[in-house]
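Let me begin by presenting the structure, written as structure tokens, before commenting on it.
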Amino acid sequence: MDDGARDVSDRSLEGIMQRLSPEAYYQSPGGRRFLIAAALIANVPSGSHVLDVETGIGPAAVDIAEAFNCRVVAFDNYAPYLAFGRQNSVARGLAKQVTFKPLDGAAARTAFEPGTFDLILGLGGAMSDTIPGGLVGGFTAAASWCRSGGHLICGDLVTPSVPSDLMRFVFGDSLHGEGEFLTALDTAGFDLVFSARATGADWDEMSATMTRLRDRSLDLGPPDERQRQRLTEAARNHPEVAYLNILARRR
């Protein structure tokens, strides 16, 4: 569909959700519903420039492009993911709006001019997992790429208190205390606008998505990515672990 013909007049959450493709491929709890709700709270303007960090198979990049008529650059270092994302963007008539780039985290730090983007996406733990320096490195890079007054939408595993030694052993650097997570966000130059821990329904939706993807024998990434996904799925039923989705504004 031509960009000018795309109807984005209905900016209600349910209106947008109904308009998007029924196939949602989010591999983290909260997924599409949190992304669209957060973008509405941020009042993302039509035509915004968006960067999707560690896009994976690209669901957020394609959805934000369609829902808000955005121009999106999405990067990942795993070629099969990028191929899936490109195929999805073509099938939904968004190939001219979404650019998928092969980049690893180290190269990404200097690949984009400071203040280039209105919105940064980092769902599925991308902020802590992609850029050298872990969580601090990820938020610092996001702050550099984002213009003043722009927004960050991301999500990650957290524990409401200081992670126990056992949790540190099991989850390694992929698990952060919620306070540590929010402090790093503030230090990087972002003000928290809204946060929500994933609900049971969010986890159910992610589990159903993973089942569909596995039934289709989709390549779900290299061994470290598969291990992180298994840990995320296992976190649902652990009392020390939650999944936190956030919207923040760049100062």
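With neighbour counts taken as other beta-carbon atoms within 10 Å, the residues L121, L35, L13 rank, fewest first, as L13, L35, L121.
The fewest-to-most ranking of V193, V98 by surrounding Cβ atoms within 10 Å reads V193, V98. Exposure proxy shown here: for K101, K96, the number of other Cβ atoms within 10 Å sets the order, fewest to most, as K96, K101. In percent, rounded to a whole number, the relative contact order of the range 129-205 is 30, using alpha-carbon pairs under 8 Å and six or more apart. Spin-label point model (7 Å from Cα, Cβ direction): what's the L40 to S21 distance in nm? Output for this residue pair reads 2.2 nm. The mean sequence distance of close C-alpha pairs (under 8 Å, at least 6 residues apart), as a share of the length of the chain, puts its relative contact order at 21 percent. Ordering of 72-81, 41-50 by packing is 72-81, 41-50, highest average first (other Cβ atoms within 10 Å, averaged per residue). Scoring 102-114, 51-63 by mean Cβ neighbours within 10 Å over their residues and listing the highest first yields 51-63, 102-114. Bridge orientation summary for the range 24-250: considering DSSP beta bridges with both residues in this region, about 45 percent are antiparallel.
Grab the DSSP H runs of the chain that are 4 residues or longer, score each as -39,500 (n - 2.57), total them, divide by all residues and round the 222 nm result to the nearest 500 deg cm²/dmol.
-12500 deg cm²/dmol
Each reported figure results from applying straightforward, stated rules to the coordinates on display, with no laboratory input. These numbers were taken from a predicted model, which means no experiment stands behind them. Neighbour counts run over all protein chains shown; Cβ positions are idealised from the backbone, glycine included.
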